[in-house]
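Each remark here refers to the structure printed beneath this line.
The values are calculated or read from the model by the stated rules, or taken from the named source; none is laboratory data. Only a predicted model underlies this, so the values are computations on that prediction, with no experimental measurement involved. Neighbour counts are summed over all protein chains in view; Cβ atoms, including those assigned to glycine, are modelled from backbone coordinates with ideal geometry.
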Amino acid sequence: MVPGDGGGGLMRGDLLVEPVDGLDEVFAAVDAFDTVLVAGLLRPQPAQGAALAGLAEAVAGTPLADRVAEAAARAAAGTAGEEHFVALAAARSALLGSVHDALTSRIDQAIGRTGTEGAGPDRTGGPHTADPDGSVPGGSGPDGPLPDGDAPSAASPSPSPEYGANLLGAARAWLCDLARRGWQGIDHELVAGAVPVVSAMLPDPVLRRPATLLDGFAAELAASCPGATLERVPVRRWADLWARAVLLTVPGALSAAGVSSTATGRLLPLGVDVSEHATAVQAQVHAVFEPAGGGPPRLVRAGVSAPKPDTVVGAGLWQLLRPRLSLLGAVSEGRSMVLDAMPVTPEGDLLWDEGRARPGEPADAFATARVMLSAAVSDAVAPLDRHPVRIAAPVLLEGYAAHGTDDRLTFEVAGGRLAVDTDRVPAAGPLTPEAVAASGACLALLRWDAGEFRLQPLAVEATVRKKSVAVHAGAWAGGTTDKAGVRAEKASTDAAAVLRERAGRLLRK
């Protein structure tokens, strides 16, 4: 962070490229365990036993030590039960959680941020608002970019706790069968075992978080069957999904995140992160929240997701998201939002309620970053969500030197070179890799990917004809008069109209 008005300190790029002590050893233990899941534990081989022992050794001296040691021994002998697979998943997740903590600590050191705070009491002194499973509408994490975290309502009561526990037990049993068979042993019959469990879980809002994860995981596995013919196995990803799903089926895991609080004050958007799949899209707004009652500013997020046909791409995505989140309009207009008792999770994710937000004064994202970003604190991450893939720290860079081409770009920042992930720049906005390469200031998310810190640009500033011009990835979020944006939206509107007409014709037949 290199603000010129005293609003923050100098980002230490050297800290972001230096090795983090112990990281290689942790990843080695995790990777070895992940390899165990490729062949499965139905008939364990000596090499698998050694990898399991390595996982147990990695958590020696922790409260997990005895349970994991027993689980590793039983798994190596081919006699592991559900409780042993849960222990192994917990050990793996604890190791990656330690990586998450080490990396976020390094980020705080590099940018001079004060770090994280615990959930604590209500930030405005108002009543707490319960969130049954701590999930976030449109949030992201190791369980995929589009979890469904809808809260239960009086109109759709949840089934009994016993019924929910039975469903979680059935899901856990299926996941244990997966671990025994391994990714190379999956077939359509095994994967289909998840279908009735997911179908029974999805109607219950409290169980929807693990149900969505299981549904997506099973779909990936089904598309890869039979496993014996796979040329390439996504080892880390499937192990992430498996371990995450196992832990979410443990009794009490869904309520471990605690209650939410409320936020009253001014919300200052920084930028929008867009994730897109063939059948779904998500937008997550990163912002600084300024409490009305005083106190330090906080980093928060507000997310929205929607199903989509695979023909709706680019700027057409905003048509699906705008009706669900008025904040997108504020982002494209460069405007703040005034919040009144907006529910917020302990991790800083706003549970958006349109009735608790209204448009505020104009607010420039770069001005917000220069004045407030270095002083903003982030909330502590829930234990089950501590994973390197979750890291997305908003940062401001200025005074850097760009090197390389548009698709292999690096920024030289105060003693270190950081890779710029231009592939993450969404096609749903005017920001382009060329604009990033020519920029003089950049608002970005600092992420950890492929063993290094990378920058995901959200907005850039460049000098054009002696004037500073800002280009935002979310500039078209609330609508645009930009010719390219208008053409893209029209094309998507036409595609959606054709799909509706075809669907109507099929229904009439």
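In the range 302-325, the count of residues that are buried (at least 21 other Cβ atoms within 10 Å of the Cβ), over 22 Å from H472 (Cβ atoms) and acidic (D, E) is zero.
Has the range 170-186 got any residue that is assigned by TED's automatic domain parsing to the domain that holds V246, at positive phi and in contact with a Leu (Cβ under 7 Å, 6 or more places away or on another chain)?
Yes, some residue in the range 170-186 is assigned by TED's automatic domain parsing to the domain that holds V246, at positive phi and in contact with a Leu (Cβ under 7 Å, 6 or more places away or on another chain).
When we screen R390, R417, R408 for residues that are surrounded by fewer than 22 Cβ atoms within 10 Å (Cβ to Cβ) and within 30 Å of V250 (Cβ to Cβ), the only hit is R390. Could we say that P343 is buried (at least 19 other Cβ atoms within 10 Å of the Cβ), in contact (Cβ under 8 Å) with a residue 24 or more places away in the chain and either at positive phi or not in a helix (DSSP H, G or I) (or both) here? Yes, satisfied.
Check every one of the strands (runs of 3 or more DSSP E) wholly within the range 222-332 and list those with 3 or more residues that are more than 22 Å from G355 (Cβ to Cβ), touching a helix residue (DSSP H, G or I) at 6+ places or on another chain (Cβ under 7 Å) and not assigned by TED's automatic domain parsing to the domain that holds F85.
Where strands (runs of 3 or more DSSP E) fall fully within the range 222-332 and carry at least 3 residues being more than 22 Å from G355 (Cβ to Cβ), touching a helix residue (DSSP H, G or I) at 6+ places or on another chain (Cβ under 7 Å) and not assigned by TED's automatic domain parsing to the domain that holds F85, they are 261-276.
For the range 164-190, how many residues are among the hydrophobic types (A, V, I, L, M, F, W, C), assigned to a helix (DSSP H, G or I) and within 22 Å of F33 (Cβ to Cβ)?
Qualifying residue count, the range 164-190: 9.
Within the range 369-376, can one find any residue that is surrounded by fewer than 17 Cβ atoms within 10 Å (Cβ to Cβ), in the same structural domain as G316 (by TED's automatic domain parsing) and farther than 30 Å from G316 by Cβ? Yes, the range 369-376 contains a residue that is surrounded by fewer than 17 Cβ atoms within 10 Å (Cβ to Cβ), in the same structural domain as G316 (by TED's automatic domain parsing) and farther than 30 Å from G316 by Cβ.
Among the residues of the range 402-461, those that are assigned to a strand (DSSP E or B), aliphatic (A, V, I, L, M) and closer than 24 Å to V331 by Cβ comprise V420, A441, L443, A444, L445, L446, L455, L458, A459, V460.
Exactly one residue out of A110, A170 is closer than 30 Å to A51 by Cβ and at pLDDT 75 or above, and it is A170.
Candidates A76, A89, A56, A94: the one that is crowded, with 17+ Cβ neighbours inside 10 Å and within 30 Å of S374 (Cα to Cα) is A94.
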